[in-house]
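The values are calculated or read from the model by the stated rules, or taken from the named source; none is laboratory data. The structure presented is a predicted model; accordingly, all values stated were derived computationally and were not measured. Methodologically, a virtual Cβ is constructed for each residue, glycine included, from the backbone with ideal geometry; neighbour enumeration extends over all protein chains shown. Calculation scope for accessible area: heavy atoms of the full protein, side chains included, ligands and nucleic acids excluded. Shrake-Rupley method; radii C 1.70, N 1.55, O 1.52, S 1.80 Å.
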Amino acid sequence: MSEGRTSTGGTSAPTVLRMILGRRLQERRQGAGASLEDAARALRVTSLTIRRLEKAEVALKPLYVEKLLETYGAAQQEIEEFVELAERANEPGWWHTYRDVLPNWFSAYVSLEAGARTLRTYEPHYVTGLLQTRAYARGVLRGGFPGEADEDLARRVDLRLRRQGLLDRPGAPTLWVVMEEAVLHRVVGGPEVMREQIERLLEVSELEHVSVDVVPFTAGAHVGACAPFTYFRFEEPELPDIVYTEVLSGAMYLDQRSDVSAHLEAHNRMSLLSSDADSKALLNRMRKEYS
């Protein structure tokens, strides 16, 4: 993941482990007082290749890793452990089996989601994917891919539901969702589907590690009235906080402190526009309306 504003293209989406190891390689090089050019000469490659290794934009070749660490003066045990981790980092994530229906720009998101300790999302249009029911997810995806074959659409739905397993695992991440009231009024799949979806939101909001805030229409204009975004925080000190936001034809991953801080502040401000009790009351009222 490169620093700053990155619009994903056709490169391989890195796993979180690969990102961590790339950062560690960079720190090891800098600690040894070696420049990008010094590292490049050791491998007989360009300095751009070293930069891409450190930014997790390419796979970590074990032979490259071993040679670089030798150049930086690392001990043999450290080299062996690092190479083993690099081999693991190059293994595709479980979502790789869905690559036929998973855009590369979103596979990076799934990797970050799987490795995050905290996720904070803002959704102005739809229920966030981690909390969607199967019927609701099918309706949303059918709207987004109107001409897609039923078989491919079913795989997209399965992928979305499989992602939700991270909320049930031991040591599950904290999920804090802020959504607009408009989400509850946008009928996806019909009244029965909407009622089931709202019941799902009420159910998960009782979990200790999940919070669901609904910004009511009465809040008026506010700082976050913009595109949906997700904020990721990780346990590993090598990884910075990252914000993901979508555009029509792809996505952007932001890790500059100013960008991340602006989104985090917006999320904080929006969460203050609704209390837990008011959000649940609004959800219960909408559930009754769909009944």
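Which one is surrounded by the fewest Cβ atoms within 10 Å (Cβ to Cβ) among residues in region 55-100 that are small (Gly, Ala, Ser) and part of a helix (DSSP H, G or I)? Quick ask: steps written out before the conclusion?
The first filter runs over region 55-100 and keeps only residues small (Gly, Ala, Ser), leaving 56, 59, 73-75, 86, 89, 93.
Going one step further and asking which of them are part of a helix (DSSP H, G or I), we end up with 86, 89.
Values: Ala86: 23, Ala89: 20.
So, considering only residues that are small (Gly, Ala, Ser) and part of a helix (DSSP H, G or I), the one surrounded by the fewest Cβ atoms within 10 Å (Cβ to Cβ) is Ala89.
Does Ser271 satisfy the condition of being in contact with a helix residue (DSSP H, G or I) (Cβ under 8 Å, 6 or more places away or on another chain), small (Gly, Ala, Ser) and under 30 Å from Tyr290 (Cα atoms)? First the steps, then the outcome.
Details: in contact with a helix residue (DSSP H, G or I) (Cβ under 8 Å, 6 or more places away or on another chain): no; small (Gly, Ala, Ser): yes; under 30 Å from Tyr290 (Cα atoms): yes.
The answer is no for Ser271.
Listed here are the residues, each with its yes/no results for (1) surrounded by 14 or more Cβ atoms within 10 Å (Cβ to Cβ); (2) touching a strand residue (DSSP E or B) at 6+ places or on another chain (Cβ under 7 Å).
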residue: Glu192; (1), (2): no, no
residue: Glu203; (1), (2): no, no
residue: Val214; (1), (2): yes, yes
residue: Ala225; (1), (2): yes, no
residue: Glu235; (1), (2): no, no
residue: Asp259; (1), (2): yes, yes
residue: Ser271; (1), (2): yes, yes
residue: Ser279; (1), (2): yes, yes
On the basis of being in contact with a His (Cβ under 7 Å, 6 or more places away or on another chain), over 17 Å from Thr97 (Cα atoms), of a type in the set (A, V, I, L, M) and assigned to a helix (DSSP H, G or I), does Val193 make the cut? no
Six or more apart or on different chains, Cβ under 8 Å: which pairs go from a residue in region 198-210 that's more than 19 Å from Tyr136 (Cα to Cα) to one that's part of a loop (DSSP other than H, G, I, E, B)? Could you list them? His209/Ala172; His209/Pro173
Which residue pairs have Cβ atoms under 6 Å apart, sit 6 or more places apart or on different chains, and have a first residue in region 264-281 that is part of a helix (DSSP H, G or I) and a second that is open to solvent by 60 Å² or more (accessible area, probe 1.4 Å) and not polar (S, T, N, Q)? Ala266/Val223; Arg269/Val223
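Scan Ala116, Ala108, Ala137 and give me the residue that is closer than 22 Å to Glu265 by Cα, open to solvent by less than 10 Å² (accessible area, probe 1.4 Å) and not acidic (Asp, Glu). First the steps, then the outcome.
Working: Ala108 fails: closer than 22 Å to Glu265 by Cα; Ala137 fails: closer than 22 Å to Glu265 by Cα.
Result of the check over Ala116, Ala108, Ala137: Ala116.
So is Leu184 closer than 29 Å to Glu265 by Cβ, touching a residue at least 40 places away in the same chain (Cβ under 8 Å) and surrounded by fewer than 18 Cβ atoms within 10 Å (Cβ to Cβ) or not? Walk me through it before giving the result.
On the way: closer than 29 Å to Glu265 by Cβ: yes; touching a residue at least 40 places away in the same chain (Cβ under 8 Å): yes; surrounded by fewer than 18 Cβ atoms within 10 Å (Cβ to Cβ): no.
No; evaluated as a whole, the condition is false for this residue.
Residue by residue through region 166-181, note down the ones that are open to solvent by 20 Å² or more (accessible area, probe 1.4 Å) and closer than 27 Å to Trp94 by Cα. Let's see the steps before the verdict.
From region 166-181, those open to solvent by 20 Å² or more (accessible area, probe 1.4 Å) are 168-171, 174, 176, 180; that's our starting set.
Correct list: Asp168, Arg169, Pro170, Gly171, Thr174, Trp176.
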